[in-house]
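As structure tokens, the structure follows; a few thoughts come after it.
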Amino acid sequence: MMGSSLVKGKMHKQLWVLAMVLSIGFSPKVVAADERSDEINALKKQIQELSDKVQALEHKEPPTTNSLGTRNAEASAGKGTPRVFAGAEGFGFVSADTNFSLTLKASVQADGRFYVGDHIPANDTFLLRRVRPTFEGTVFKNFDYRIMLDFGANTSSSSGNVNNNGMLQEAYLNFHYWPEFQIQAGKFKPPVGLERLQSDVNYLFVERGYPTQLVPNRDVGIQIQGDLWHGFVSYQAGVFNGTQDNGQNDIDSGVDDHKDVAARVFLQPFINTEIQPLRGLGFGVAGTYGDQNGALRSYVTPGQQTFFSYRTGTGNTFTNVSAGGEHWRLVPQAYYYWGPFGMFGEYAISSQNVRRDVKTSTTSSKQIVRARNTAWQVAGSYVLTGEQNSWRGVRPRNPFNLSEGALGAWELVGRVGSLHMDSDLFPLFATSASGRREFSWGTGVNWYVNRNIKLSCDYERTAFTGGSRTAGSVTARPEQIIFTRAQIAF
């Protein structure tokens, strides 16, 4: 736009000069009549050519480009031409009127887990933790959609996962005519855990903290959501099939037909003010309530070893523990970001009726207890290279480039956390090897090579209370583990 304005300015200046010369040329004292006629005709020709060029520029502005080097949607829309783009944010296209779009994104996380000490029952291993292609976009301007699959190491289409719950991570439609009131339906993250709601490509540590184990993973349902007063308050409230702690479902399995309600309110009271040190402060509370039956999930260590599991059994004689009714969760949460510094914390309570069925050759019995399991964590980070820290991750100011001496962005991270299992679960509801409490602390470094590539290395140490002290048991000695991750995401 600036270039075209300069060109038109020069053209108008030349027209003015020619007009002055032409007016002088009419004086008989300057040139002879025959010479004057030839010069006038030549000047008229030049004026006409310049006039044609100015008119062409006024009717044909060059389209501006965005950071990806592609045409703006508005410019393309004016020409009736769809926009195709490719860059750090993904690959896709937008219709000429911008009402329809499709973007292909993906993330791959290649991890390494290395346990310190030979007593650990798990093996050191490399694995593909997540392999997630994602399709998202818009139809008819006000409807956003998202479909995300996963082919990583924690998903399977085996008989234990007949509904492919892990394969299909998300599939939903969001109607957003008003920012203050939106409707979303499909499979997505229920609005509960703070770290769970964060994108998996922006986690500070390779593995999530303990509170995430007590909240839903993903579920199928419908919710209303919105931002009020330009982000001062965000809210979500919905109805879902209901799932166990850290679980996800594509369909109600038939064990019960009850539904869960989930809700969250989050405030950022200074986001619209000029008080810079407080603009990155946010806090809120979330929770769920429902009635659940069926199998219960186990709980794991940061190194993904089973720390606690419920008794299970079948046949003519057995002891089996399952969900037995009312289940509610409460999760207060907060974060704070200022410049390169950031931290967040959350506390999760999962209170559930747990049922124990015992059958022998002659008798059967049932027992129900109220189990209240709790977890908490506090995590912090500091960007050594000075970039702005945020809940949505770090964007390096200078992507890694040896020839230019650019090193990307470097971030130091640290956290502490704990998971505590209700004492009423012992010894009748838990397996004999299950621990009662685990406490962890960890530290690490993240290198943001550029906007799409991130390398991580963490160390985490976990101590256990309860459990088995038998050699080879998970809880026999503290777990010490080194995590590495190479991530590409666009």
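Summary of values
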{"read-out": "Protection-proxy order for peptides 405-413, 80-88, each taking the mean of Cβ atoms within 10 Å per residue, highest first", "value": "405-413, 80-88"}
{"read-out": "Cβ crowding within 10 Å averaged over residues, with 302-308, 467-473 ranked highest first", "value": "302-308, 467-473"}
{"read-out": "Filter on Lys189/Lys359; Lys187/Lys359; Lys141/Lys259; Lys105/Lys141 - keep pairs with C-alpha separation over 29 Å", "value": "Lys189/Lys359; Lys187/Lys359; Lys141/Lys259"}
{"read-out": "Range of Cα positions in the stretch 343-453 per principal axis (Å), largest first", "value": "80, 25, 21"}
{"read-out": "Heavy-atom surface of the stretch 286-408, accessible at 1.4 Å and reported per residue (Å²)", "value": "49 Å²"}
{"read-out": "Distance between the stretch 187-226 and the stretch 329-365 - C-alpha centres, whole angstrom", "value": "13 Å"}
{"read-out": "Simple Cβ-charge dipole of the stretch 182-244, Lys/Arg +1 and Asp/Glu -1, about Cα centre, in debye nearest 20", "value": "120 debye"}
{"read-out": "Vicinal HN-Hα couplings computed from phi for the stretch 322-330 (Karplus, 6.51 cos²θ - 1.76 cosθ + 1.60; Hz; Gly/Pro x)", "value": "8, 5, x, x, 4, 9, 10, 10, 9"}
{"read-out": "Ordering of 139-145, 89-95 by burial proxy (mean other Cβ atoms within 10 Å per residue, highest first)", "value": "89-95, 139-145"}
{"read-out": "Unit charges on C-beta of K, R, D, E only; dipole of the stretch 355-451, Debye", "value": "520 debye"}
{"read-out": "Net charge dipole size for the stretch 210-321 [Lys, Arg +1 and Asp, Glu -1 on Cβ; Debye, nearest 20]", "value": "320 debye"}
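The values are calculated or read from the model by the stated rules, or taken from the named source; none is laboratory data. None of the values given here were measured: they were computed from a predicted structure. All Cβ positions, even for glycine, are placed from backbone atoms using ideal geometry, and neighbour counts span all protein chains on display. Heads up: the accessible areas ignore ligands, DNA and RNA and are worked out on the full protein's heavy atoms, side chains in. Shrake-Rupley method; radii C 1.70, N 1.55, O 1.52, S 1.80 Å.
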